[in-house]
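Step one of this worksheet: look at the structure below.
The values are calculated or read from the model by the stated rules, or taken from the named source; none is laboratory data. All figures in this text were calculated on a predicted structure; none of them were measured in a lab. A quick note on method: Cβ atoms are made from the backbone with ideal geometry, for glycine too, and the neighbour counts reach across all protein chains shown. Ligands, DNA and RNA are excluded from the accessible area calculation, which covers all protein heavy atoms including side chains. Shrake-Rupley method; radii C 1.70, N 1.55, O 1.52, S 1.80 Å.
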Amino acid sequence: MEMNQDWTSTVNDQLLGEEDPGVAIAYLRMSYELRNDSIGTEAIRYKDAIFDGLHDPIYEGIYRMIASGGSQSTWKQWSGAGRVMEMLAEFARYFLQGPIIISSNTSFFCYGFPGNGTEANPYVIEGYNISTSKTCISISNTDAYFVIRNCTLGGYNSGIGIELLDVLNGEIVNNTITGKDTGIYLDDSYSLSLLNNSIADCISYGINLHFASLCAVENNTVTSNEIGIHGEHCWYNDFHNNSISFNHDVGMDFFDVWDFTLTNNTLSSNNHLGISFWISPGQQLASNVMSGNGIMITGSVEECYLNITGDNWVNGKVLGYFNNCTDDIIDGSQYGQVILVECNGTTVENGIFANCTTAIIGSEYCVLKNNTISGCSYDGLYIQESPNNIIVNNTVSGNSFNGIRVVEHSDDNLITNNTIFSNSKAGVCIDRYALGNLIISNSIFENCEYGINCDFTVSDNHIYGNILASNGIANANDEESGNHWNSTGWGNYWSDHNGIGFYAIPGEGNAFDYFPMVYPPDQSHPTINHPDDIEFNEGTQGHVIEWVPSDAYPSDYVIFRNSSKIRTGIWHGGYILVELDGVELGIHNYTLVVCDTSGNWNSDTVIATVRDENPPVINHPSDILFIEGSTGYNISWIPTDLHPDQYQVFMNGSMIMSTSWDGGSVVIELDGLSRGSYNYTIVASDTSGNTVLDTVIVFVHSAPVTSSTTTTTSTQTTTDTDATTTTPLPLDGSIVVVITSGLVIIILLIVIFLKKRS
């Protein structure tokens with residue numbers, strides 16, 4: 001009990017020099033009773049003043065009244081009376097409704113509590129109804145045996161109901177404590193029992209054990225407190241058959257405790273967690289029933305070792321705590337909650353986990369697939385010190401913290417194709433040195449803070465292909481440099497992206513998604529015009545195909561010619577041209593495919609026909625005339641064309657040669673022709689059927705005739721006359737007719753040939 005030190009000093013000076021507040025109060029009560037008996041009407045005034053003073057929680061009114069009247073000798077005179085202890089005990093039971101403060105074994109005696117402090121006959125504090133803003137009952141520095149029972153304690157949402165400090169050998173039994181800061185607080189105390197108490201509506205703790213060991217906490221009802229039962233730095237305590245429900249934070253919360261035993265406890269509808277162990281290995285759990293919440297374990301891998309029997313239940317199903325399992329396949333539908341500790345290659349599938357965290361701790365190469373995790377009062381899925389796991393095709397929603405949290409060197413995990421929404425913090429949180437994780441193709445939306453949050457000290461995580469939409473503070477947050485928000489050419493879908501430029505990720509990491517896409521995905525395909533098919537003569541200029549596609553979010557395009565890709569590029573929303581000049585002869589299928597940032601596409605095809613309307617070009621050799629029997633005469637034609645095909649040679653209307661033409665020259669040898677005139681005609685054609693012809697006339701003369709020589713001899717003169725007469729080749733009418741007829745026949749042959757070609 002707190003006292004005004006000035007009044008305490010005054011009272012103690014007058015009451016035989018007693019320093020113990022309990023003794024001082026005892027003498028005050030005794031004085032009241034004696035005065036009431038001996039003084040008569042004067043006592044009535046004292047009595048009224050005392051009862052007025054009782055309304056003051058620190059009793060300053062009583063001190064003022066006593067200090068102002070009577071004398072120290074009067075109190076001393078009556079202090080040895082035989083009635084003192086009887087009156088004191090009676091008074092304490094019926095009139096002492098303020099705080100009880102026991103600071104030593106002697107205080108029990110001074111308060112007049114029955115008992116002598118032995119195990120067989122403990123002091124009994126019983127039946128008090130104390131309502132105060134301070135601590136109702138405080139016991140410190142005692143090792144006497146005592147019992148506090150059947151008391152009703154409360155008041156003002158402050159102070160402590162029962163406080164034991166440095167105490168041994170106490171029992172707290174069947175008390176009702178409501179509306180305090182803490183219901184029962186044990187500090188540096190041992191060998192205590194808390195049995196059958198009802199504790200409710202305390203704003204901090206129902207029961208709080210601090211450096212308290214070898215205690216039994218049994219059959220208590222702890223409801224609607226901030227935390228039901230809390231233990232910190234404690235050893236060897238037993239919790240049995242307690243009912244712990246509707247606490248606003250955690251039902252049972254333990255930090256740095258060892259060798260606790262929890263059996264047959266019922267925990268229901270606690271707001272955040274049923275049972276929480278922080279850095280508390282080696283706990284024994286058997287036959288506990290949790291509903292509306294489950295268990296949470298944190299600490300190093302070794303600090304997460306628990307001894308959990310198979311008869312603990314979560315939400316009507318067995319609690320699945322798996323330690324050191326290898327290559328197991330776990331049917332999640334059989335369990336209310338699953339926790340993996342130091343497992344390898346274990347698969348958990350098809351579970352429905354509500355109001356309890358699924359945890360992977362110190363495990364690798366495990367798979368969680370096709371599970372539903374919802375309504376957890378902490379993170380939905382918690383991954384700690386666990387690399388190379390796969391989280392795929394799960395639905396994670398409505399959890400009080402993060403949907404999925406990856407922490408403490410949980411590296412190189414794959415989180416893909418999950419649906420994560422409506423969690424109170426982030427959909428996915430990467431935290432505390434978690435590196436190299438792949439977060440790909442998840443749908444993450446409507447989380448209260450972030451879709452994906454990369455906190456400080458995490459890097460080299462690859463995040464792309466995710467839908468990030470309508471998350472509260474921002475769709476993403478990155479506080480550390482070195483995370484990658486797109487792969488090559490593929491980023492994430494953002495509900496707040498306008499389709500233009502890069503997407504800046506909020507946070508101190510200064511990260512960007514360099515290939516962002518719009519969400520919701522654009523369902524509208526690009527529009528595209530259809531230019532007319534085009535035909536043109538080979539070698540002509542200025543021929544193009546001009547497409548004019550349109551889309552609100554243009555991205556890129558590809559052009560194919562005859563099914564072969566000939567060009568790709570970034571499409572900025574404008575027209576796209578294809579130049580056709582120089583395209584080779586033939587029919588060409590040009591196809592344009594345009595895509596927008598959401599992957600919608602459209603295409604158009606234009607047929608470009610390149611014709612050859614240009615006949616071959618050929619030289620015209622001169623007509624030839626030579627003497628029959630002469631050699632070395634020929635006709636040399638040099639036809640040219642880009643697409644040579646074949647040629648025929650006619651002599652006097654008759655075909656003498658027909659062969660393929662590779663574009664080279666054509667030489668006709670004339671040696672051996674007999675006397676006469678010859679009409680040589682070549683017809684050369686290209687692959688398009690264009691033809692050219694040329695005719696050369698060859699005249700072959702007969703050899704020259706030598707005339708006879710007459711020699712006349714006389715005695716006077718000798719004359720030699722040599723004369724050579726060449727008779728010219730007659731060019732009579734029949735030859736002309738032949739030539740003319742041959743030309744006519746050649747022309748007819750050409751016409752017939754062209755008709756066949758067509």
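Pairing residues of segment 429-449 that are without any contact (Cβ under 8 Å) to a residue 12 or more places away in the chain with residues that are open to solvent by less than 20 Å² (accessible area, probe 1.4 Å) and part of a strand (DSSP E or B), at Cβ distances under 6 Å and at least 6 apart in sequence or on separate chains, gives no pairs at all. When G336, G351, G320 are checked against the criterion of being touching a helix residue (DSSP H, G or I) at 6+ places or on another chain (Cβ under 7 Å) and crowded, with 23+ Cβ neighbours inside 10 Å, a single residue qualifies: G351. When residues in segment 301-318 are screened for being in a loop (DSSP other than H, G, I, E, B), of a type outside the set (V, I, T) and touching a residue at least 24 places away in the same chain (Cβ under 8 Å), 6 of them pass. Residues that are within 14 Å of W547 (Cβ to Cβ) and in a strand (DSSP E or B) were ranked within segment 567-579; the one that is nearest to the chain's Cα centre (by Cα) is G569. The residue that is farthest from S133 (Cα to Cα), counting only those in segment 157-166 that are at pLDDT 95 or above and open to solvent by 40 Å² or more (accessible area, probe 1.4 Å), is D166.
Among the residues of segment 196-214, those identified as in a strand (DSSP E or B) and crowded, with 19+ Cβ neighbours inside 10 Å are I199, A200, Y205, G206, I207, N208, L209, S213. In this structure, N600 does satisfy being closer than 30 Å to W490 by Cβ and of a type in the set (S, T, N, Q). Of the residues making up segment 622-631, not a single one is surrounded by 12 or more Cβ atoms within 10 Å (Cβ to Cβ), in contact with a helix residue (DSSP H, G or I) (Cβ under 8 Å, 6 or more places away or on another chain) and closer than 30 Å to P704 by Cβ.
Considering (1) more than 11 Å from F239 (Cα to Cα); (2) out of contact with any helix residue (DSSP H, G or I) (no Cβ under 9 Å at 6 or more places or on another chain), the lone condition that P281 does not fulfil carries the number (2).
Here N220, N270, N288 are screened, and the one residue that is surrounded by 24 or more Cβ atoms within 10 Å (Cβ to Cβ), over 19 Å from I184 (Cβ atoms) and of a type outside the set (D, E, K, R) is N288. Taking segment 223-300 as the region of interest, the strands (runs of 3 or more DSSP E) fully inside it that hold 2 or more residues being under 20 Å from A212 (Cα atoms) are 227-232, 238-240, 250-255, 261-263, 273-278, 284-286. Considering only residues that are in contact with an Asp or Glu (Cβ under 8 Å, 6 or more places away or on another chain) and modelled with pLDDT under 95, which ones fall in segment 106-125? Once the filter is applied, which keeps residues that are in contact with an Asp or Glu (Cβ under 8 Å, 6 or more places away or on another chain) and modelled with pLDDT under 95, segment 106-125 yields T106, S107, C110. Screening S107, S133 for residues that are hydroxyl-bearing (S, T, Y) and part of a loop (DSSP other than H, G, I, E, B) leaves exactly one candidate, S133.
Taking the condition of being under 15 Å from T135 (Cβ atoms) and either more than 50 Å from the chain's Cα centre (by Cα) or open to solvent by less than 30 Å² (accessible area, probe 1.4 Å) (or both), how many residues in segment 167-188 meet it? Of the residues in that region, 10 qualify. Within segment 390-402, if we keep just the residues that are surrounded by fewer than 24 Cβ atoms within 10 Å (Cβ to Cβ) and of a type in the set (S, T, N, Q), the residue that is modelled with the lowest pLDDT turns out to be S400. Under the condition of being among the acidic types (D, E) and over 16 Å from Y205 (Cα atoms), which residue from segment 141-166 is nearest to the chain's Cα centre (by Cα)? Taking the candidates together, the pick is D166.
Does I244 qualify as being over 28 Å from S104 (Cβ atoms), touching a strand residue (DSSP E or B) at 6+ places or on another chain (Cβ under 6 Å) and among the β-branched types (V, I, T)? Answer is yes for this residue.
Collect the residues in segment 293-315 that are small (G, A, S) and touching a Gly at 6+ places or on another chain (Cβ under 8 Å), keeping them in residue-number order. Steps first, answer last, please.
Taking segment 293-315 and keeping what is small (G, A, S), we get 294, 299-300, 310.
Hit for segment 293-315 is G294, nothing else.
On the stretch given as segment 413-434, residues that are buried (at least 20 other Cβ atoms within 10 Å of the Cβ) and in a loop (DSSP other than H, G, I, E, B) total 4.
Here M655 meets the list (1) touching a helix residue (DSSP H, G or I) at 6+ places or on another chain (Cβ under 9 Å); (2) under 20 Å from R567 (Cβ atoms) almost entirely, failing just condition (2).
Return the residue satisfying two criteria in turn: it lies in segment 551-563 and is at pLDDT below 95 and among the hydroxyl-bearing types (S, T, Y), and of such residues it is surrounded by the most Cβ atoms within 10 Å (Cβ to Cβ). The qualifying residue surrounded by the most Cβ atoms within 10 Å (Cβ to Cβ) is S555.
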